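Only one structure is covered here, and it is reproduced in the block below.
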Amino acid sequence: KNQVEQSPQSLIILEGKNCTLQCNYTVSPFSNLRWYKQDTGRGPVSLTIMTFSENTKSNGRYTATLDADTKQSSLHITASQLSDSASYICVVTYSNDYKLSFGAGTTVTVRA
Amino acid sequence: ETGVTQSPTHLIKTRGQQVTLRCSSQSGHNTVSWYQQALGQGPQFIFQYYREEENGRGNFPPRFSGLQFPNYSSELNVNALELDDSALYLCASSSAAGGRWNEQFFGPGTRLTVL
């Protein structure tokens, strides 16, 4: 069973609207959590990285939150643009080794 | 652009054949990790190389093997290809082993299709 679960699997939003993606994890011990954006057929590109002591991190119109107690994270996209259409992947790192645990991603489609 | 390059971009092979994928890491990075990403799934860790030594391996059979060269570029070799090996293969480089605190920068990937 995957230790990082993302929801929804996919969503469609209109340009200019906001959306929120969810990530729940069971990875332990936890080191950090990252959100990546992956365009179709391309490699993932990092958006944010947070350690267990951080609650929120922003990168332009992307804002990530983390609740290490409930093991939940969210990625909020503000004023979506057509270029935001991509897969967004949540990645959690174990604190005692090199392993990254990837979620399956949420596919976001922004329509004009 | 992350500075990580992969070749080839696309590749078509038949079952039973062997394939070699290549990755050039970002300047200053000494660690390379390889991932397999099936359609609609997140990347799955294959293995990591740090200073030319394997530094960890995921749940992949021995027919998946790798190399890292003195310039820190890397190869992924897959023998006896199976249909399920069809996927996007991603290479990621970082500046230290483990990648716990150091971000991994991904290349554009190689799309392998096995017929």
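The values are calculated or read from the model by the stated rules, or taken from the named source; none is laboratory data. All figures in this text were calculated on a predicted structure; none of them were measured in a lab. Quick reminder, even Gly has a Cβ in these numbers, built from the backbone with ideal geometry, and neighbours come from all protein chains shown. Areas reflect the complete protein model, heavy atoms only, side chains present, ligands, DNA and RNA absent. Shrake-Rupley method; radii C 1.70, N 1.55, O 1.52, S 1.80 Å.
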Determine whether residue B:48 is crowded, with 20+ Cβ neighbours inside 10 Å and either under 10 Å from the mean Cα position of the chain (by Cα) or away from chain A (no Cβ under 14 Å) (or both).
yes
Of all residues in segment B:14-26 being over 26 Å from residue A:90 (Cα atoms) and among the polar types (S, T, N, Q), the one that is least open to solvent (accessible area, probe 1.4 Å)
B:20
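Quick one: which strands (runs of 3 or more DSSP E) sit completely within segment A:8-112 and have at least 1 residues that are hydrophobic (A, V, I, L, M, F, W, C) and within 22 Å of residue B:4 (Cβ to Cβ)?
Details: elements: A:10-14, A:19-25, A:30-38, A:45-51, A:56-59, A:62-67, A:72-77, A:86-94, A:100-102, A:106-111.
By residue number, A:30-38, A:45-51, A:86-94, A:100-102.
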With (1) of a type in the set (Val, Ile, Thr); (2) touching a residue at least 40 places away in the same chain (Cβ under 8 Å); (3) surrounded by 15 or more Cβ atoms within 10 Å (Cβ to Cβ) as the list, and residue A:12 as the residue in question, which single condition is left unmet?
(3)
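Would you point out which residue out of B:90, B:39, B:76, B:11 is within 14 Å of another protein chain (Cβ to nearest Cβ) and surrounded by 17 or more Cβ atoms within 10 Å (Cβ to Cβ)?
Numbers: B:39 fails: surrounded by 17 or more Cβ atoms within 10 Å (Cβ to Cβ); B:76 fails: within 14 Å of another protein chain (Cβ to nearest Cβ); B:11 fails: surrounded by 17 or more Cβ atoms within 10 Å (Cβ to Cβ).
Exactly one of B:90, B:39, B:76, B:11 is within 14 Å of another protein chain (Cβ to nearest Cβ) and surrounded by 17 or more Cβ atoms within 10 Å (Cβ to Cβ), namely B:90.
Go through segment A:85-104 and report how many residues are at pLDDT 95 or above and at the interface with chain B (Cβ under 8 Å from one of its Cβ atoms). If you could, list the steps in order and put the result at the bottom.
The first filter runs over segment A:85-104 and keeps only residues at pLDDT 95 or above, leaving A:85-90.
Then keep just the ones that are at the interface with chain B (Cβ under 8 Å from one of its Cβ atoms); that gives A:89.
Of the residues in segment A:85-104, 1 are at pLDDT 95 or above and at the interface with chain B (Cβ under 8 Å from one of its Cβ atoms).
When you check residue A:70 against the structure, is it open to solvent by 10 Å² or more (accessible area, probe 1.4 Å), under 18 Å from residue A:4 (Cα atoms) and within 14 Å of chain B (Cβ to nearest Cβ), yes or no?
Numbers: open to solvent by 10 Å² or more (accessible area, probe 1.4 Å): yes; under 18 Å from residue A:4 (Cα atoms): yes; within 14 Å of chain B (Cβ to nearest Cβ): no.
For residue A:70, the condition - open to solvent by 10 Å² or more (accessible area, probe 1.4 Å), under 18 Å from residue A:4 (Cα atoms) and within 14 Å of chain B (Cβ to nearest Cβ) - is not met.
Right, residue B:115: more than 24 Å from residue A:86 (Cβ to Cβ), open to solvent by 40 Å² or more (accessible area, probe 1.4 Å) and modelled with pLDDT of 95 or more or not? Outline the logic, then answer.
Details: more than 24 Å from residue A:86 (Cβ to Cβ): yes; open to solvent by 40 Å² or more (accessible area, probe 1.4 Å): yes; modelled with pLDDT of 95 or more: yes.
Yes, satisfied.
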